[in-house]
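Down below is the structure, laid out as C-alpha cells.
The values are calculated or read from the model by the stated rules, or taken from the named source; none is laboratory data. Since this is a predicted model, take the numbers as computed values, not measurements. We place every Cβ from the backbone using ideal geometry, glycine too, and count neighbours over all the protein chains shown.
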Amino acid sequence: MTNREQYAPGPASGAQIQKDGEKWTLVMVRELRHSPEKVWQALTEPAHLREWAPFEADGSLGMAGSTVKLTTVGAPMPRVTETKVRRADAPRWLEYNWGDFDIRWELEAVGGGTRLTLWTNIGHRFISMGAAGWHICFDVLDYLLSGTPLGRMVGPDAMKFGGWQRLNAEYARQFGIEAPNWPPQAAQTEPRPKGAA
C-alpha cells in the first residue's frame, strides 16, 4: 500500500477567516517540522510547487519583481495567469497574486521547524472549499518535505477524495457558513443511457 492510499487528513484546524465587507480572507497556519529555508524552496521553486501546489509556475517565485506564469492544475479549462512577485524576503515573506487571489506567506522559525501562515482572499461562498483544499495541499507539502511524497491532490481530484468532503463540511461549521453543495448533485450521478426509464 502506498502512502497516498494510507493518507487521511486530520480534523479541520489552523484556519480562520477575516472579513472586511464583502472581502473575505482565509488565514491558514501549519506547523512544519522543516526549516524555513527548506519550506521557502518548496514555496518558490517550480519543481517543488509541481509536487504539492494547486498551480504550476514557469519560473521561480523567489525574487521580488519577477514575472511568472501560473497555470491552475485541474481547472476545467486551461487557466494561465501572469503574476508579479510583490515581495520575496527569503526565507520569511512571500507575496504575489494568483489570478484574482492575493497570496501572502509568512515563514517563522519555531523550535527547529517552521510556522507557515497563508493569507488568501476567497469568495465567501467557497471559503470552506478553499480551506479544505489548502489543508490537503499543506499535508502533501509536509509529506514531500519529509521525503515521502504523496503526489499532488488538487482541484477535482481532491474533491473526489472523501477527506476533502469531510474537511469542507468541518471548515464550514467552524466558519459559521453553509457548506457549498459541491460538486452539484447533478454532477455526482452517472448519466442514464438513452432510452432508460
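Observations, loosely collected:
Let's see how each residue does on (1) under 30 Å from residue 173 (Cβ atoms); (2) among the β-branched types (Val, Ile, Thr):
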| residue | (1), (2) |
| --- | --- |
| 16 | yes, no |
| 26 | yes, no |
| 29 | yes, yes |
| 54 | yes, no |
| 70 | no, no |
| 73 | yes, yes |
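- Count of residues meeting criterion [assigned to a loop (DSSP other than H, G, I, E, B) and either under 15 Å from residue 54 (Cβ atoms) or free of Cβ contacts under 8 Å to residues at least 24 places away in the same chain (or both)] in segment 128-178: 9
- Of everything in segment 62-117 that is without any contact (Cβ under 8 Å) to a residue 40 or more places away in the chain and of a type in the set (S, T, N, Q), the residue that is nearest to residue 23 (Cα to Cα) is 97.
- The residues of segment 142-174 that are among the aliphatic types (A, V, I, L, M) and either surrounded by fewer than 20 Cβ atoms within 10 Å (Cβ to Cβ) or over 10 Å from the mean Cα position of the chain (by Cα) (or both), listed by number, are 144, 145, 150, 158, 159, 167, 169, 172.
- Looking across segment 33-54, the residues that are in contact with a Gly (Cβ under 9 Å, 6 or more places away or on another chain) and over 25 Å from residue 111 (Cα atoms) come down to 46, 51, 54.
- Filtered residues of segment 25-50 (kept if in contact (Cβ under 8 Å) with a residue 60 or more places away in the chain, over 16 Å from the mean Cα position of the chain (by Cα) and more than 21 Å from residue 13 (Cβ to Cβ)): 35, 36, 38
- Unique match (being modelled with pLDDT of 95 or more and over 30 Å from residue 176 (Cα atoms)) among 94, 61, 26: 61
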